[in-house]
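Report on the following structure.
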Amino acid sequence: MPESGAQMTRALVLSAHPCPESFSQALHAKVVETLEGRGWEVDDCDLYAEGFQPVLTEAERRAYHDEPENIEPVRDYVERVQAADALVMVFPVWNFGYPAMLKGFLDRVFLPGVSFKLVDGKVKPNLTHIRKLAAVTTYGGTRLRAMLVGDPPRKCVTRAVWHVCRPSRMRYLALYDMNRATDSARRSFLNKVSFEMRGL
Ligand SMILES: Cc1cc2nc3c(=O)[nH]c(=O)nc-3n(C[C@H](O)[C@H](O)[C@H](O)COP(=O)(O)O)c2cc1C
C-alpha cells in the first residue's frame with residue numbers, strides 16, 4: 001500500500017555484484033523488499049543479471065556531447081533514470097571505487113542532457129526530479145584505511161552524484177571492515193539498511 005496521503009514514489013535501484021549469494025545481493029534484496037513494503041514502485045536494476053554492457057565505445061565517446069542522439073545506445077536505461085524520484089545504488093567497493101559495472105553505467109547513461117547540462121563549460125544538475133539518493137555499500141578494509149586514500153566512493157556519491165540530483169534526502173550507508181565482519185555485524189547492517197530505507 002502506498003504511504004497515506006503521499007504520491008507514489010518510484011525508485012530506481014541499481015545493484016552491481018556478480019554473485020547472487022553475496023552479502024551485497026542480500027543488501028540489494030533488503031533495499032527492494034523495504035521500499036516495496038512502503039508501497040513504492042521499485043525499478044529493480046541488477047546490472048549483472050541484465051547483462052549491462054559497461055564499456056563506453058569509441059562511437060559513444062565521439063557522440064558524447066551530441067544531444068539528444070547521444071542517448072540512443074542506452075535509451076532504455078536513460079528512460080528508467082528519468083522516471084525515478086529516488087535512486088539507490090548498492091555495490092561493493094572495489095579498488096576504492098565503484099565496480100566497473102556501476103562505473104560504466106554512470107559513464108554511459110549519465111550523459112550530457114541526461115544527468116547534467118553543460119552551460120558555459122559548467123555542469124548544471126539535470127536529475128533534480130530525483131529527490132532521494134542513497135548508496136548502500138561495503139568495504140573490505142577499515143574506515144581509517146579508506147579515509148587515508150580519501151574514501152573516493154563516498155565522495156563520488158555524496159558529491160558527484162549528489163551534485164547532479166541535488167536531492168532533499170541523501171544517505172550513504174557503508175559497512176567497513178567486511179574482511180573481519182561477524183555474522184552479528186552483518187545482521188546489524190542489514191537491519192540498519194532496512195531502517196534507513198523506511199525513512200528515506
Ligand atoms: C576486485 C576487488 C577489489 C577490492 N578492492 C577493495 C578496496 O579497494 N578497498 C576495500 O576496502 N575493499 C576492497 N575489496 C573488498 C570488498 O569491498 C569486499 O570483498 C566486499 O565489500 C564484500 O562484499 P561481498 O561479500 O558482498 O562481495 C575488494 C574486493 C574485490 C573482489
Candidate set from region 160-199 (those that are under 15 Å from the mean Cα position of the chain (by Cα) and within 16 Å of the ligand (Cβ to nearest atom)); member that is nearest to K124 (Cα to Cα): Y172
Within region 49-68, track down each residue that is more than 14 Å from V114 (Cα to Cα) and among the aromatic types (F, W, Y). F52
Name every residue in region 16-37 that is over 13 Å from the mean Cα position of the chain (by Cα) and part of a loop (DSSP other than H, G, I, E, B), in order of residue number. P18, C19, P20, E21, S22
I'd like the full set of residues that are among the aliphatic types (A, V, I, L, M), assigned to a loop (DSSP other than H, G, I, E, B) and either in contact with a helix residue (DSSP H, G or I) (Cβ under 8 Å, 6 or more places away or on another chain) or over 18 Å from P99 (Cα atoms) (or both), limited to region 123-156. L127, I130
Looking at this structure, is E50 in contact (Cβ under 8 Å) with a residue 40 or more places away in the chain and farther than 22 Å from R169 by Cβ? no
Looking at region 127-159, which of its residues are away from the ligand (no atom under 16 Å from the Cβ) and buried (at least 19 other Cβ atoms within 10 Å of the Cβ)? L127, I130, K132, L133, A134
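Where a number appears in this text, it was derived from the coordinates with a stated rule and is not lab data. Predicted model only: the values in this text are computed from it and were never measured. When we count neighbours, we look across all protein chains shown, and the Cβ atoms used for this are built from the backbone with ideal geometry, even at glycine.
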